[in-house]
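What follows is a short report on a single structure.
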Amino acid sequence: MKTGQQNTIAKTTSLLYETGIATGFAFRFFRQWFRRPFEFKEFLTQCYNVGYTSLPLIGLTGFIMGLVLTMQLRPTMLEYGVASQIPAIVGIAIIREIGPVISALIFAGKIGSSIGAELGSMKVTEQIDAMDVSGTNPFKFLVVSRVLACTLMLPVLSVISDAISLFGAFLGINIRGNTSFQLFWTEVVSSLSFNDILPAFIKTFIFGFAVGIVGCYKGYTCNKGTAGVGRSANSSVVVASVLIFIIDLLVVQVTDILGYN
Amino acid sequence: MKNNETQISASTLLTVNDLCKSFGDLVVLDHFNLTLQKNQNIVVLGKSGSGKSVLIKCIIGLLKPDSGHITVFEKEITSLNSDELDKIRKSIGFLFQSNALYDSMTVRENLEFPLRRHSQKRNESEVEKMVVQALEDVGLKHTIDMMPEELSGGMRKRIALARTLILKPSIILYDEPTTGLDPITAREIIELMNTIKRKYGTSALVISHDMNCIRNAGDLIALLWDGKCHVLDTYEHLLKSEDPVVRNFFAN
Amino acid sequence: MNVSQGKNIKLGTFVITGLFFLILMLYLIGKNKNLFGSSFQLKATFENVNGLEAGNNIRYAGINVGTVDRLDFINDTIIEVTMLMNKKVKHIIRKNAIASIGTDGLVGNKIINIVATEGNALAAEPGDFLKSRKSIDTDDMLRTLSKTNENIKTITDSLIYTVTEINKSQVLKSILNDTQVSRNLKQTIINAKNATSNFNTSALLLKNMLHDVNEGKGNLGLLIRDTTAMHSIHTAVANIDSAGRKISHLSQTVNMLAENINNQAENGNGTLGMIMRDSLFSNEIRCTVQNFKKAAKDFDENMKALQHNIFFRNYFKKKEQEKATLKINEAHEP
């Protein structure tokens, strides 16, 4: 009984400790961010790796989500005689929630793990030390560029994914029914307002930052050995995914309080 | 020559004075002293986990010592800010145990990296010339556009060495340069180390527990024992030493 | 270098695509909300905006022509609504147009309907105040209906009383016995009676139906977005109201006439004979009765229109079917 209690205390302490270190890591990011020189070339490379290469995957999942959501909604909507409302409902669902969150989760799976593994193996094979020795601030070169790339690229991915999702939804409607693209588009747009788009858009920046900072933190503080690399890749995905949902919850509440709902 | 006095002279490149470093309860370095002269190779010998790597990481500034002084080119490493440290680091080469080649870059980019980082103002042809020169020094000019993963362990070690050499450092710190290599490749690397010493007149601090390396690469051998420099002497003298600790290492 | 150039081009394409979609979306929504592009302001004041909010649509002839920009209190009873109108309809909306607050369907969002009125007027200028009409909601409708109902009941009562009085008066009876007037009067009263009972049932039905709708029963889907049906109800109710008023006016005339006749008869002087012989006066009575008849017919027509209204058609059809089955059942019984 006592050992169990001690175990719990130890776990809680280590969790608090980890959170503290991670927060410090995030603050270090903000401190380093403004310091010159800015690793612009590395930043662009990371933007390419993080953003462009994720587009097929995130586009595909977005497309399928739009299509499936519409096809699943259709029977129920028909039953209530409001099939004409499908574009409006699907549009709001995709823009407000599904687009950003699904993109962020896929992003966490693909990019979070790759950053965690990459930085982890760099740490293990002393490449981070080698950079330090070569007159490069590795934190700036590796962490700042990656976190910034994630923060800026996820919103772009999310917007493109939204567009692809809506196209998927349009196809989903046309599998059974028949709606012109113009009507679909008009219905979607008329059901949306800035209050739907802007909070959803802003939260993708936070999602991207979370994925980047968690991946970098886990990689940067990786334990020695290949097992450590695996663990850091794994836990960066898990922690980033959970964080995405927590941030989503917070953003909803904040927008609610601010009245942008 | 136990705990020899530090002699500071014009030819002294590196002085380690009363260096202490511990991780939690584990004391790794306990008042460690060492002096490296110009054109001198010192091999630091010690058991695994005795703090050899910690020593050179403290020297290069990757780890911060708990107490003590490290002087490189008459500058105190421990009190430098990051910009000054970068300047000092330009003249110190560091060959990592695991080579630390950047996997995501080609050999060329790997070699260019310290060049571009340390001093921004270099034109393309000069950079190209320096890269080619460094690769010629290690005999791997043909690998210039390959990725590190395409190379064998020995080749990677030599590329890493080329990257270390490219800034023409005065001191090179070798972290277990022959570990994980077959004896033939290890011998090649040691020969290369000696060639470099002759060609560029560099000094070196070599961390190793490979007897072959100790015999051939070092002018002097420092034995790290219990966090202290137990003995500093030539290989021949140590072979004949009656000290039980030394005998332990040189038994066979 | 070439590789990195290619990558940069791809990255650029990627980012620009994303920005394009974002800006397109924002632009379309903005356009939809009249935030961009040319627009002009119109104003209207209301006592009660029934939950209208900024951003609600404004319709003219059923087409979205703008959005509500702002709601401001002018004082404790008047609210000023600023409407952002699409510039394209500037020459269409006249100064004498009327704004009213309505609902998009029975349970939809609030909207402002702008309705043109007859007569010539200049096109509305930016900043003009439009006249507003108090909105009619279901509660108001029911209140009007029950008031009309009560009025008609009073009218019928007084008509019955008048007729009884006329019947009781032997002199009048003999005078009026053979004349067209008496028959007409009788018929009219019967008509009025029928109409009233018809009207009573209809009002009751309407009340029940609206109650059902409020309770969420019935074919809600039919009602939800059918603005036309709502409009028809408004018209029907207004018609009923006006018919009721006409009846009331006529019955007063008849009442007056009957009282006059009564007085004359009781006084027993020769004036009555003179009056009855006076063709002008009898013509007047005839005319009045005919008017009354016409009013009753109008009222009947209104009720029929109500029956044929799309909103009630199903209900009345069902009612007729029930009647038919009842008749068939009766016929089958010996």
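Things to note:
- Exposure proxy shown here: for C:H91, B:H209, the number of other Cβ atoms within 10 Å sets the order, fewest to most, as C:H91, B:H209.
- Computed helical MRE - 222 nm, chain B, DSSP H runs ≥ 4 contributing -39500 (n - 2.57), nearest 500: -11000 deg cm²/dmol
- Beta bridge orientation in region B:12-250: antiparallel %, DSSP, nearest 5: 55
- Inter-chain Cβ neighbour average for residues C:23-33, partner chain, 10 Å: 5
- Within-15-Å neighbourhood charge of B:I144 [Cβ basis; K, R +1; D, E -1]: -2
- When only alpha carbons are used to place a centre, region B:141-207 and region C:12-79 end up 71 Å from one another.
- Note on A:152-165: average number of Cβ atoms from other chains within 10 Å of each residue's Cβ is 4.
- Placing R0 at 35 angstrom, the Cβ-Cβ distance between A:D256 and A:R36 gives a FRET efficiency of 0.30 after rounding to 0.05.
- Chain A: angle of helix A:113-124 to the longest principal axis, Cα-based, in degrees nearest 10: 10
- Close amide-amide hydrogen proximity is noted between C:R59 and C:V65, C:I112, C:N113, C:I114, each under 5 Å apart and 5 or more residues distant or on a separate chain (H modeled in the peptide plane; Pro and chain starts excluded).
- Per-residue Karplus couplings for region B:51-58, computed as 6.51 cos²θ - 1.76 cosθ + 1.60 with θ equal to phi - 60°, are listed in order as x, 5, 5, 4, 4, 6, 5, 5 Hz, Gly and Pro entered as x.
- If you take all other residues with their beta carbon under 14 Å from the beta carbon of B:E76, and give Lys and Arg +1 and Asp and Glu -1, the sum is 0.
- Report note on the peptides B:214-225, B:185-196: ranked by the mean count of other C-beta atoms within 10 Å, highest first, their order is B:214-225, B:185-196.
- Other residues lying with their Cβ under 15 Å from the Cβ of B:N39 contribute a combined charge of +4, Lys and Arg counting +1, Asp and Glu -1.
- Spin-label model distance (nm) - C:K134 vs A:T53, 7 Å beyond Cα toward Cβ: 7.1
- At an R0 of 45 angstrom, the distance between the Cβ atoms of A:S84 and C:L326 translates into a FRET efficiency of 0.65.
- Convex hull of alpha carbon positions in chain B: directionally averaged projected area 13.9 nm².
- Simple label model, 7 Å out from Cα along Cβ direction - B:V132 to C:F20, nm: 4.4
- Cα long-axis angle, helix A:181-191 against chain A (0 to 90 degrees, to the nearest 10): 70
- Straightening the chain between A:N234 and A:T23 buys 74.0 nm, computed as 0.36 nm per residue apart minus the Cα-Cα spacing.
- If R0 is 51 Å, the Cβ-Cβ spacing of C:E125 and A:I202 corresponds to a FRET efficiency of close to 0.80.
- Proxy reagent accessibility, fewest Cβ within 10 Å first, across B:I60, C:I114: B:I60, C:I114
- Using θ = phi - 60° and Karplus 6.51 cos²θ - 1.76 cosθ + 1.60, couplings along region B:198-208 (whole Hz; Gly, Pro as x): 5, 5, 10, x, 7, 9, 8, 10, 10, 9, 7
- Distance-filtered residues of region B:45-74 - backbone nitrogen under 18 Å, label point 7 angstrom along B:S22 Cα→Cβ: B:50-52, B:54-55, B:64-69
- In the calculated pair-distance distribution of region A:103-232, the portion above 18 angstrom amounts to 62 percent of the Cα-Cα pairs.
- Distance between modelled label sites at B:I184 and B:S79, nm, 7 Å Cα→Cβ extension: 5.3
- Computed from backbone phi with θ = phi - 60° and the Karplus coefficients 6.51, -1.76 and 1.60, the 3J(HN,Hα) list for region A:84-89 is 6, 8, 4, x, 5, 5 Hz; x is used for glycine and proline.
- Residues B:D226, B:D137, ranked from the fewest to the most other C-beta atoms within 10 Å, line up as B:D226, B:D137.
A short reminder: the numbers here are calculations on the coordinates, not readings from a lab. Predicted model only: the values in this text are computed from it and were never measured. Neighbour counts are summed over all protein chains in view; Cβ atoms, including those assigned to glycine, are modelled from backbone coordinates with ideal geometry.
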